């Protein structure tokens, strides 16, 4: 079969809606299926890693002035994208929409009129920020969900929130994000070698992997560091990720006298990131909003315990990994520092129960088989 992925991001961008489509594509191709991608031009860069797939991009930038005000720029763009997309879907069996956007909405209409089934995966933001329209029949987001063969949620909490927001698909399902096979427990000897290879210095190593964006809550983690270092001198925090806030966050670390204890590593290659998880003593996520943070699951899978804020995703993971994942209030650097300091004292790796949960719900084969079944069902329905 031929699956067409429509997504706002592709690697090396390190968001869930870039990584999951890529993992699915690799598995599908290895099983003898065909995969193509439709993305906005903004997803492309000189570091783009699309793989061996047909990649089609569209310029989604808005116009200016009066044309933008009356939305004439959108109408003209939508017509052009629709006609080109409809031609692309001629040999496609299922369209898989990741998240939401104008491009996704246009492709949905083209797919429906071409009698090509589509499924949707919701990752969080498109649901958290959804505002229903007064006239439901003019709501393209609802149309996407109501006409979908299946609507997949990244977490149970996100699915529940979707209902509260008024987005109630006929056929919802939750499929958790996967941690690849590189994320596994390593011996102390192997972890020491990784620290030497990565040049990670410090008596205790904290890792954060997250784009430097306001939702990441990095400022609270940085503000927590003076108290953590006071209780545990020699603690080092390594932040993997890049974004518009980097300069501001680096300035904050210097202002607090933490420049020597906090290292900004920038964007780390997805193929190398497992080494940082495995080498760390704790993974710390200070986000202010998460549907289900894959990064926390990856840390647990690598044998590293997690401190996380009480976002919906954090609470859901606590129910799954209660022995090795510790939740504290968001936007509270004092509580974060106390929780991290307490867990540093435990000085242990994750337990057997957590690894069993990872292997049951969060491995690639489990996720892939679930999506493969949805693709097959969608094809049968049309």
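The values are calculated or read from the model by the stated rules, or taken from the named source; none is laboratory data. Only a predicted model underlies this, so the values are computations on that prediction, with no experimental measurement involved. Cβ sites come from the backbone with ideal geometry, for glycine too, and all protein chains shown count toward neighbours.
State which residue is nearest to residue 342 (Cα to Cα) when the search covers only the stretch 304-315 and only residues that are surrounded by 23 or more Cβ atoms within 10 Å (Cβ to Cβ) and out of contact with any strand residue (DSSP E or B) (no Cβ under 8 Å at 6 or more places or on another chain).
Only one residue tops the list, namely 311.
Of all residues in the stretch 344-378, how many are part of a helix (DSSP H, G or I) and touching a strand residue (DSSP E or B) at 6+ places or on another chain (Cβ under 6 Å)? Give the steps one after another, and end with the answer.
Restricting attention to the stretch 344-378, the residues satisfying the condition of being part of a helix (DSSP H, G or I) are 344-346, 352-361, 364-378.
Those left that are additionally touching a strand residue (DSSP E or B) at 6+ places or on another chain (Cβ under 6 Å): 344, 374-375, 378.
So the count comes out to 4.
Out of all the residues in the stretch 199-213, is one or more in a helix (DSSP H, G or I) and surrounded by fewer than 22 Cβ atoms within 10 Å (Cβ to Cβ)?
No, the stretch 199-213 contains no residue that is in a helix (DSSP H, G or I) and surrounded by fewer than 22 Cβ atoms within 10 Å (Cβ to Cβ).
Of everything in the stretch 125-145, what is surrounded by fewer than 18 Cβ atoms within 10 Å (Cβ to Cβ) and assigned to a helix (DSSP H, G or I)? Give them in sequence order.
Matches in the stretch 125-145: 125, 128, 136, 137, 138, 140, 143.
If we keep just the residues of the stretch 234-247 that are touching a residue at least 24 places away in the same chain (Cβ under 8 Å) and either more than 19 Å from the chain's Cα centre (by Cα) or in a helix (DSSP H, G or I) (or both), which is surrounded by the most Cβ atoms within 10 Å (Cβ to Cβ)?
237
So residue 123 fits all but one of (1) more than 24 Å from residue 24 (Cα to Cα); (2) in contact with a helix residue (DSSP H, G or I) (Cβ under 7 Å, 6 or more places away or on another chain); what number is the exception?
The one condition residue 123 does not meet is (1).
Identify all residues within the stretch 272-306 that are assigned to a strand (DSSP E or B) and within 17 Å of residue 212 (Cβ to Cβ); write none if there are none. Before you say what the answer is, go through the steps one by one.
Initially, the stretch 272-306 is screened for residues assigned to a strand (DSSP E or B), giving 282-285, 305-306.
Once the filter is applied, which keeps residues that are assigned to a strand (DSSP E or B) and within 17 Å of residue 212 (Cβ to Cβ), the stretch 272-306 yields 283, 284, 285.
Against the conditions (1) touching a residue at least 12 places away in the same chain (Cβ under 8 Å); (2) part of a loop (DSSP other than H, G, I, E, B); (3) over 21 Å from the mean Cα position of the chain (by Cα), where does residue 322 fall short? Just the number, please.
Tallying (1) touching a residue at least 12 places away in the same chain (Cβ under 8 Å); (2) part of a loop (DSSP other than H, G, I, E, B); (3) over 21 Å from the mean Cα position of the chain (by Cα), residue 322 fails exactly one: (1).
Please give the number of the condition residue 287 fails out of (1) over 16 Å from residue 15 (Cα atoms); (2) surrounded by 20 or more Cβ atoms within 10 Å (Cβ to Cβ); (3) touching a residue at least 60 places away in the same chain (Cβ under 8 Å).
(1)
Check 56, 85 and return the single one that is surrounded by fewer than 21 Cβ atoms within 10 Å (Cβ to Cβ), outside any loop (DSSP other than H, G, I, E, B), at pLDDT 90 or above and assigned by TED's automatic domain parsing to the domain that holds residue 13.
After ruling out the rest, the residue left standing is 56.
Would you mind telling me which numbered condition in (1) over 28 Å from residue 367 (Cα atoms); (2) under 26 Å from the mean Cα position of the chain (by Cα) residue 202 fails?
Condition not satisfied by residue 202: (2).
Count, please, the residues in the stretch 162-197 that happen to be within 19 Å of residue 119 (Cα to Cα), in a helix (DSSP H, G or I) and touching a helix residue (DSSP H, G or I) at 6+ places or on another chain (Cβ under 8 Å).
Total meeting the criteria: 1.
Against the conditions (1) closer than 24 Å to residue 186 by Cβ; (2) at pLDDT 95 or above, where does residue 316 fall short? Just the number, please.
(1)
Every residue, every condition in (1) surrounded by fewer than 23 Cβ atoms within 10 Å (Cβ to Cβ); (2) within 26 Å of residue 219 (Cβ to Cβ), yes or no:
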site: 295; (1), (2): no, yes
site: 298; (1), (2): no, yes
site: 317; (1), (2): no, yes
site: 330; (1), (2): yes, yes
site: 334; (1), (2): yes, yes
site: 369; (1), (2): yes, no
site: 373; (1), (2): yes, no
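Just wondering, is there one or more residues in the stretch 132-141 that are modelled with pLDDT of 95 or more, within 15 Å of residue 82 (Cα to Cα), more than 18 Å from the chain's Cα centre (by Cα) and assigned by TED's automatic domain parsing to the domain that holds residue 40?
No, the conditions are met nowhere in the stretch 132-141.
Step by step: first the residues of the stretch 146-161, then only those that are under 18 Å from the mean Cα position of the chain (by Cα) and assigned to a strand (DSSP E or B), then the one that is farthest from residue 318 (Cα to Cα). Which residue is that?
151
Could you tell me whether any residue of the stretch 261-270 is free of Cβ contacts under 8 Å to residues at least 24 places away in the same chain and under 29 Å from residue 124 (Cα atoms)?
The answer is no, given that none of the residues of the stretch 261-270 is free of Cβ contacts under 8 Å to residues at least 24 places away in the same chain and under 29 Å from residue 124 (Cα atoms).
Taking residue 217 as meeting all but one of (1) buried (at least 21 other Cβ atoms within 10 Å of the Cβ); (2) touching a strand residue (DSSP E or B) at 6+ places or on another chain (Cβ under 7 Å); (3) on the phi < 0 side of the Ramachandran plot, write down the number of the exception.
For residue 217, the failing item is (3).
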